[in-house]
Amino acid sequence: MARNRRRMNFVDVMPGEARVNVTWRGQNGDLLDPVPYDASAENIRRWVAEAIGTGSVQGVQANGHVNLRDFVVDRFPPTAQIPYARIFIRPKTPFG
């Protein structure tokens, strides 16, 4: 049975899922598969570290030595302009 999904650049995102955007060492890219929007920050960091390690984040060069322990996980719900949830994982900065 087919599920109704919203079409995106890489993959469809179902309600309750989110697209993940990654900033790592000055590079930026997206995970190809959606993740549960309510996943723990620890799980998201682990999934992203694994994806960077295997080179499966488009736009981010593979790196087997990834430590995202201090990275910030920001969540944004769907909006009228962007109809799917998004999660951004990025380095902590002095201003937030």
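The values are calculated or read from the model by the stated rules, or taken from the named source; none is laboratory data. Predicted model, so just to flag it, every value in this text is computed and none were measured. Quick reminder, even Gly has a Cβ in these numbers, built from the backbone with ideal geometry, and neighbours come from all protein chains shown. Accessible surface areas use protein heavy atoms only, side chains included; no ligands, DNA or RNA. Shrake-Rupley method; radii C 1.70, N 1.55, O 1.52, S 1.80 Å.
Per-structure values
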| read-out | value |
| --- | --- |
| Between helix 41-54 and the chain: long-axis angle, C-alpha atoms, 0 to 90°, nearest 10 | 80 degrees |
| Amide proton proximity set for Glu17, modelled H, under 5 Å, gap of 5+ | Tyr37 |
| Residues in the range 81-96 that a label on Asn63 would reach, taking backbone N under 16 Å of a point 7 Å out along Cα→Cβ | 89-93 |
| The chain, accessible surface, carbon-and-sulfur percent (1.4 angstrom probe) | 52 percent |
| In order through the range 65-75: 3J(HN,Hα) via Karplus (6.51 cos²θ - 1.76 cosθ + 1.60), integer Hz, x for Gly, Pro | 10, 10, 10, 10, 3, 9, 6, 8, 10, 9, 10 |
| Equivalent ellipsoid, the chain (semi-axes from 5 times Cα gyration tensor eigenvalues, Å) | 23, 15, 12 |
| Point-to-point label distance, Met14-Val72, nm (Cα→Cβ direction, 7 Å offset) | 3.1 nm |
